[in-house]
Structures are given as structure tokens and as C-alpha cells.
Amino acid sequence: MQREEIIIEHSQLVGDGSGPGAVIHAAAPAGREPCGPGGQPLLRGKGGGGKLTAINRTHHFTQIIAALAVSIGPLAAGLGKGYPSPAIASLQELQLRQRGNYTAFSVNDQQASWIASLSLLGALFGGMFGGVAMQYGRKRVLALMSLPFSLSWILTVFAKSVETMFFTAFVGGFCCAIVSTVTQVYISEISSPDIRGFLSAIQKIAGHLGMLISYMLGAYLDWRQLAMLVSAAPIMLFISVIYIPETPSFLVLRGCDEEAHRSLQWLRGPHKNVEIELDTIRSNVRTSRINLLNRMSTLASTTSVPNGATSQQLPTHHQQDQQQGNRVSARLSQIVRSCQLPRISFATVVSNVKSVMRNARLVKPVSITCGLMIFQRFTGANSFNFYAVTIFSKTFAGMNPHGAAIAVGFVQLLASMLSGLLIDTVGRIPLLIVSSVFMSLALASFGSFVYYGQTNKMLAAASFDLDAQTGNDDWIPLLCVLVFTVAFSLGISPISWLLVGELFPLEYRGIGSSIATSFSYFCAFLGVKTFIDFQAAFGLHGTFWLYACISCVGLFFVIMVVPETKGRDLEEMDPKYVRTLTINR
């Protein structure tokens, strides 16, 4: 009797019992290669001993294509973020020299600040809505929100009053926040761990590229023409998302395993064996879903008990557990059969927020991401973005402030491109530490130069020295801003958003990302609006000294609180997730 060779794939032996388990293949007859799952051939590796391994190489090209497609959304957001600086200058310039009836309304400084900040206020509410909307599909939400996003900019083109611009700024910011939130989650869910940081940086690069385009074209186009250019980007997003798949995690969460398999196969490449990864996702998502239904059943049973009920009227713990288990099993079977996930309304999310926030699996990610958002938004980055021309006009003696704004936008783009390579190579924590240190130094130096310049102006005015300001030192504040821009773009800017997609468990990812995004835009709105107030109270130099102090506090926060996520799988793709979830329950 001929002896059969037994081949066990090593990758299928690794797990905790939640996966499909070990699969044993009998060797094929002589002259034929043995096959793995799905008839995939097992080839001999280059190592010694004639070890047989499956063709298991991940295909990154389609993941990059999908990430580029959805990154048109951040490109549109970047165009809108860079719009206020040249647009406000154009509005105020046309106010001084009107050409016929081209602009029929005037804009003062206070109205201009509202135009700049109302988009962030709209983004605050958009972030709240984005987490709820994601339950209808990442791809579908991106496609649907691109239409009102474009419409808001088209209405800006034909605006006849400043109130119309207020409205369109709010609506544009609302749509922008939803698109940004869903884009980050989409990229996190489709990407392999080894390139997730790189793909996440693509959207940051797209955002910085949009800002640079607005800065450059704003020097030649007026505010209406620039708004028309911005309106084209959301239409491009609508077209691009048609040709990419939905994320496998969401499809498994909906119970649509066949579609999830096709999506994951497209993302990983035709020669990648996705069965093990899909089984891991399916097993862990099933556990997350049961945990979610348990919480919903517990909440429903608690609210259904009358206030006057006594302990004798209540069933025993054993009866409660049995009844709850029957309800969960029946509901889970119904979900799987209908291939539907229960729809969660906005009112349900609001009513359950207290019970959700008491869960340790959500509290810690929310604390970390919201803390990073504070130090991201209150360290002067938004001030440079929205008031770049104004700040440089008050700082420079001879240099063109518009040219300096373009230089800052260009350096920001280059730094964001470099961050995509460093995040997965160096790690999150080292980049955050280096970023905080150099941001603090640059902000303190910029404030000191402003103080020095203002002091010299006062001394020159007192001594009637009209030639004191020559502009030879303009390179110093520009260098400080460029160093700050590089440090910000390499560290806290991309990593804080990357952690939004990495730290939250799947069952909390929608509401968690919604909380973090809304809080981020709330801080951004306060940062943009309070810049003028800080400047009036502390002076321009004191404002940037305050930002430097906040950045120093952020450094200690990073060292003591933020975890390293380099190379770690998302929880629904990690075989250890089921054990962790069971223990934390």
C-alpha cells in the first residue's frame, strides 16, 4: 500500500478556535502538484526541506486604486479648505473697486471670519451624522453625499448676498465631514496592515494637494471662478466610487458573504487565498453582532420593566439568560436569512450614548482620538490655513504674503507624501513625538520673531527711523512656518486620523469615528473663531506662544497615553479579537 504524504498549511494552524481550523490535504498523485483550498496549487518554497506553501501573495495595486478613487473626496475637502484665504481677499478687493454690478454685497472682517469658520461648524454636525449614515454602506454614502457637496459650491458661484455664502459654507462643511469620515473608514477596512498607513496618507496628500491648488489658482481667479472649480471635484468622486467595491467588513456585517468574498478577492488580487482572512472576519463579526444584540436586548428588557415592579415579579437570572439567549438566537437567524443589519436611527444612537460610553472598549479609543484632535486643532495649523495671508501680511516687511502661502501649501504637500512612507516604517509614536517637539519649537520661535518685529516697529516709530523695516529678515518667520508645517504634516495631522480607523472596534467604529470627527471639527471651529480673540487679548506673538504651550502638553499626552499600532491588524481581522471581546465583556 502506497504511503500518502500529509500536508498541513501552517497559516491554518494559527488561531484560537474561531477560524475554520486546520485543513489537512493529502498529497496528489505523482506528476501533479497538490492543491490547497479552492483548488489553489501548493508550490514548493525556496526554503530547505522542500516545504510546500500556498500562493498567498497580496496584490496591492487594486487597494491603491480604490484608495485613490475615494481620495477625491479629501481632494474636494482640501479645495474647500484652501478656498477662504484667496476668496476673502478677492471679496474685499472687489469691495474696494467694484466692476459694474459683478458683486452686489460687501464683506467686513467679522463676516469674512464667519465665511471661513461656518464650514467647520457644518462639519461638526456632519461628523455626527456620518457615523449613523455609515450603516447604509461606505460606498453608497460617498456616492450620495457627493451630489449636495457639489451643489453647495454651485450655489456659491451664483451667490448674491453674504447670507447665501453663510448657508453654502455650512452645507459644504456638513457634506465634507461625512465624506472625510467615511473615506477614512473605507481605506482602513480595505487595506492590508502593511500598507494601511501609506493608503491612509493618500487622503491627506489629496487634501493638501487641494489646498495648494486653491492657493495657486486663487491668485488668478476671483471667488466665483474658484468656487466653480471646487464644484467639479465632488462630481469626480461620484463617478469614481461607482467602479470600486464595498468594504468586505461591512458586507460581512450585513451578512452578504458572497459579495464580501468577491470584494476581498478584488482587493487582494486574483491569486490571493482570501478564505482564511474572510473566515476570520466572519467569525469575529459574528461575535461582535451577538454582543451588540445582547446589549440591545438587555436595554430593551430594562426599559420594559415597570418602575413599580418588585423582585418577585421579575424572572430568575436563569430564566432571563435563557429568554435573552432565545431572543438573540432568533434575531440573529433572522438577520442572517434576510442578509440585513438592523437599522439604527439617530434617536436610538442618542438614547444609547450613555450606556455605550460606559463600555471600556469605546471609552479608551474616544479619549485617545479626541485628545489628539485637541492638540491637532489648537496648535495653530488652522490659523495658518485660514488666515495665512493676513498673518504673513502682519509679519513680513517685504515678501509677498500670497507667495509665502503657496510655498507653505507646497511644503505641506511634500511632507504629507513623505509621511505615507514613514508611518509604516518608523511607527506612529516616534513620529508623534518628533512632530510635537518641532511644532513647539517652531511656534515659540515664530511668536518670538513677531514680538521682536513689533518691538522694533515701536522703537523705529519713536525714533522716526523710517528705514528700520527692510524685509531682510522675512526668511526667519517663513522658515518657522515651514518647519511647523513639515512637523505637523509628518506627525499629528495624518496619524490622528489614522488612529480613528485603527483604534475603534468594528461594532463601535461608526459611532466612535462620528464622535471623534465631530469633536475634531468642533475644536477646529473654536480654533478658527478664537484666533481673532486671542490676537486681540494676547497679541499675535502671545497667540503663538499659547499654541506652543498646547503643543508641549500634547507631547506628554502622546508619551503617556497613545498606543503604538504599527503592523497591527484591525480587530475584526485579528484572530485574538474573539478572546479579547469575550474577556472584556
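The values are calculated or read from the model by the stated rules, or taken from the named source; none is laboratory data. As the structure is a computational prediction, the values presented were derived from the model and not from experiment. Reconstructed Cβ throughout: ideal geometry from the backbone, glycine too, with neighbour counts over all protein chains shown. Remember, those area values only see protein heavy atoms, side chains included, never the ligands or the DNA or RNA. Shrake-Rupley method; radii C 1.70, N 1.55, O 1.52, S 1.80 Å.
Residue-wise test of (1) touching a residue at least 24 places away in the same chain (Cβ under 8 Å); (2) open to solvent by 30 Å² or more (accessible area, probe 1.4 Å); (3) polar (S, T, N, Q).
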| site | (1), (2), (3) |
| --- | --- |
| V157 | yes, no, no |
| T168 | no, no, yes |
| T183 | yes, no, yes |
| S191 | yes, no, yes |
| L209 | yes, yes, no |
| G218 | yes, no, no |
| S231 | yes, no, yes |
| I239 | no, yes, no |
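It is to be established whether one or more residues within the stretch 507-518 are surrounded by 23 or more Cβ atoms within 10 Å (Cβ to Cβ), in contact with a helix residue (DSSP H, G or I) (Cβ under 7 Å, 6 or more places away or on another chain) and at pLDDT 85 or above. No: the stretch 507-518 contains no residue that is surrounded by 23 or more Cβ atoms within 10 Å (Cβ to Cβ), in contact with a helix residue (DSSP H, G or I) (Cβ under 7 Å, 6 or more places away or on another chain) and at pLDDT 85 or above.
When F525 is tested against (1) under 29 Å from F170 (Cβ atoms); (2) open to solvent by less than 10 Å² (accessible area, probe 1.4 Å), exactly one condition is not met: (2). A Cβ distance below 6 Å, combined with a sequence gap of six or more or placement on separate chains, defines the contacts here; from the stretch 116-145, residues that are on the phi > 0 side of the Ramachandran plot reach residues that are surrounded by fewer than 24 Cβ atoms within 10 Å (Cβ to Cβ) and not in a helix (DSSP H, G or I) in the pairs G137/E246.
Residue check: A177 meets all listed conditions (1) among the aliphatic types (A, V, I, L, M); (2) assigned to a helix (DSSP H, G or I); (3) in contact with a Leu (Cβ under 8 Å, 6 or more places away or on another chain); (4) open to solvent by 10 Å² or more (accessible area, probe 1.4 Å) but one, namely (4).
Working only within the stretch 251-271, note down all residues that are touching a residue at least 12 places away in the same chain (Cβ under 8 Å) and open to solvent by 10 Å² or more (accessible area, probe 1.4 Å). Matches in the stretch 251-271: L251, L253, R254, G255, C256, D257, E259, H261, R262, W266, P270, H271. Pairs are defined by a Cβ separation below 7 Å, a sequence spacing of at least 6 or placement on different chains, a first member in the stretch 414-430 that is hydroxyl-bearing (S, T, Y), and a second member that is modelled with pLDDT of 80 or more and assigned to a helix (DSSP H, G or I); the pairs so defined are S416/I205; S416/H208; S416/S489; S416/P494; S419/S489; S419/L490; S419/P494. Working carefully through the options S119, S106, find the one that is of a type in the set (S, T, Y), under 24 Å from A87 (Cα atoms) and touching a Gly at 6+ places or on another chain (Cβ under 7 Å). Result: S119 is the single residue among S119, S106 that is of a type in the set (S, T, Y), under 24 Å from A87 (Cα atoms) and touching a Gly at 6+ places or on another chain (Cβ under 7 Å). Filtered by the rule that a residue be of a type outside the set (G, A, S) and within 30 Å of G197 (Cβ to Cβ), the stretch 389-416 gives I406, V408, F410, V411, Q412, L413, L414.
Select from the stretch 551-572 the residues that are of a type in the set (D, E, K, R), part of a loop (DSSP other than H, G, I, E, B) and modelled with pLDDT under 75 and list them in ascending order.
Residues satisfying the conditions are K566, R568, D569.
Residues that are in a helix (DSSP H, G or I) and of a type in the set (G, A, S) were ranked within the stretch 249-266; the one that is farthest from N284 (Cα to Cα) is S263.
Okay, residues lined up against (1) over 24 Å from Y521 (Cα atoms); (2) at pLDDT 85 or above; (3) not in a helix (DSSP H, G or I):
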site	(1), (2), (3)
S436	no, yes, no
F449	yes, yes, no
Y452	yes, yes, no
M458	yes, no, no
Q469	yes, no, yes
V481	no, yes, no
F488	no, yes, no
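When the test is whether a residue is within 18 Å of the chain's Cα centre (by Cα), at pLDDT below 85 and assigned to a helix (DSSP H, G or I), G420 passes it.
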